[in-house]
Amino acid sequence: MVSVQNSLRLQIENRLLSHPQSYVNHGQDVIAGLQQSPKTLPPHYFYDDRGSLLFEQICLLPEYYPTRTEASILQAIAKELVQITGPCDFIELGSGSSTKTRILLDAFAEENIALRYIPVDISEAILRENAEAILATYLHLTVQGLVSTYQLALASLPDHNYPHRLMAFLGSSLGNFSPEDCQVFFEQVGQALDPGDYFLLGVDLCKPADILEAAYNDAQGVTAEFNLNMLRHLNWRFQGNFALDNFSHRAVFNQQKSQIEMYLRSGTKQTVRLENLDLTVDLQAGETILTEISRKFSLHANNPNAIPRQLADHGLEPLQVWTDDQQWFAVILSRVN
């Protein structure tokens, strides 16, 4: 139970209630994806409450290096980072469990630098639980949570409490965007932030295919369960009858596009119905549905996936680029021109 004192330091606004079409778009994105060839589903349908918990489990798996590698970088650079930004409104897109966030919150506290924390997540249960846990640890912090998509949050950020904002987008979530959507996202970030604000980005870097494929095909099968849970979520949200036992998880590295591709493979010829969408879908045995891409980036200017150049092209000028010793992952701090 959250204390009265903590409740005074916590505000949560659910923007999905006032803009429900922004999340599900009345299912038009599902209809479009399942009627095209090859079939696709938008990855935001991974994240019902159960999907969010499964992803937290994925982050702890031995094969899944991104989380622990990014955390090690943040541990090494946290003091330097908070000294650069100073007092700020700290906005985190896709906050999840806020585990890595605590590394930065610790650094702000140790350096006695004031801030307000603004987590953004589409799962209200996860956001509220973790906001209350953070308040219990950081006694002088205020939290203003947004239950929201990235797009809704970026369209109208909370007013400044401090001179600058620090917006964080960690976990290489950027890799889930197509190249076109990535450019749109950077444009939205650049428009949402003011000159002098900061943008902190974590990105997964190119590496051998065997390391990448192992990270998305873990031995315990948690990633497979996470992928299949999307169908359970669609069944609940749209009165569907996906039979999860008729599908299997598959993840492969596309070398040409420098991206992991996650699929749900139909094990048999079948017909699926989503009543709320008035949609009937026929699937052949062996047919796949693309559920996620995870692009891998580069720091080299002549590479088409060079992330520092893409940031600079949208007025987000890189100030610092930090990597681990193996250069598997990068954390980039940019400032808005």
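The values are calculated or read from the model by the stated rules, or taken from the named source; none is laboratory data. The shown structure was predicted, so the numbers you read here are calculated from the model rather than taken from an experiment. FYI the Cβ positions are ideal-geometry reconstructions off the backbone, even for glycines, and counts take in every protein chain you see. Ligands, DNA and RNA are excluded from the accessible area calculation, which covers all protein heavy atoms including side chains. Shrake-Rupley method; radii C 1.70, N 1.55, O 1.52, S 1.80 Å.
Scanning the stretch 252-275 for residues that are under 16 Å from residue 43 (Cβ atoms) and either in contact (Cβ under 8 Å) with a residue 40 or more places away in the chain or open to solvent by less than 10 Å² (accessible area, probe 1.4 Å) (or both) gives 259, 260, 262, 264.
The strands (runs of 3 or more DSSP E) located wholly in the stretch 287-336 that include 2 or more residues which are farther than 16 Å from residue 174 by Cβ and open to solvent by less than 10 Å² (accessible area, probe 1.4 Å) occupy 288-295.
For the stretch 133-236, the helices (runs of 4 or more DSSP H) that sit wholly inside it and include 3 or more residues that are out of contact with any Phe, Trp or Tyr (no Cβ under 6 Å at 6 or more places or on another chain) and touching a residue at least 24 places away in the same chain (Cβ under 8 Å) are 150-155, 179-192. Scoring residue 212 on the criteria (1) under 21 Å from residue 303 (Cα atoms); (2) loosely packed, with under 15 Cβ neighbours inside 10 Å leaves a single failure, condition (2). Within the stretch 120-145, the set of residues being of a type in the set (A, V, I, L, M, F, W, C) and surrounded by 18 or more Cβ atoms within 10 Å (Cβ to Cβ) comprises 120, 122, 126, 127, 131, 134, 135, 141, 143. Checking each residue in the stretch 100-114 for being open to solvent by 20 Å² or more (accessible area, probe 1.4 Å) and either touching a His at 6+ places or on another chain (Cβ under 8 Å) or modelled with pLDDT of 95 or more (or both) picks out 102, 103, 106, 109, 110, 111, 112, 113, 114.
For the stretch 223-240, a tally of residues being crowded, with 19+ Cβ neighbours inside 10 Å and either out of contact with any Gly (no Cβ under 8 Å at 6 or more places or on another chain) or of a type in the set (D, E, K, R) (or both) returns 5. Across the stretch 146-179, which residue is nearest to residue 104 (Cα to Cα) among those that are in contact with a helix residue (DSSP H, G or I) (Cβ under 6 Å, 6 or more places away or on another chain), crowded, with 22+ Cβ neighbours inside 10 Å and not hydrophobic (A, V, I, L, M, F, W, C)? Checking each candidate, the answer is 172. Number of residues in the stretch 61-99 that are farther than 17 Å from residue 203 by Cβ, out of contact with any Asp or Glu (no Cβ under 9 Å at 6 or more places or on another chain) and open to solvent by 30 Å² or more (accessible area, probe 1.4 Å) equals 4.
Scanning the stretch 77-127 for residues that are touching a Leu at 6+ places or on another chain (Cβ under 6 Å), closer than 18 Å to residue 319 by Cβ and β-branched (Val, Ile, Thr) gives a single hit, 85. Of all residues in the stretch 237-269, exactly one satisfies the criterion of being among the polar types (S, T, N, Q) and part of a helix (DSSP H, G or I), namely 246. I'd like the full set of residues that are touching a residue at least 60 places away in the same chain (Cβ under 8 Å), assigned to a helix (DSSP H, G or I) and within 30 Å of residue 50 (Cα to Cα), limited to the stretch 74-125. Once the filter is applied, which keeps residues that are touching a residue at least 60 places away in the same chain (Cβ under 8 Å), assigned to a helix (DSSP H, G or I) and within 30 Å of residue 50 (Cα to Cα), the stretch 74-125 yields 74, 101, 104, 124, 125.
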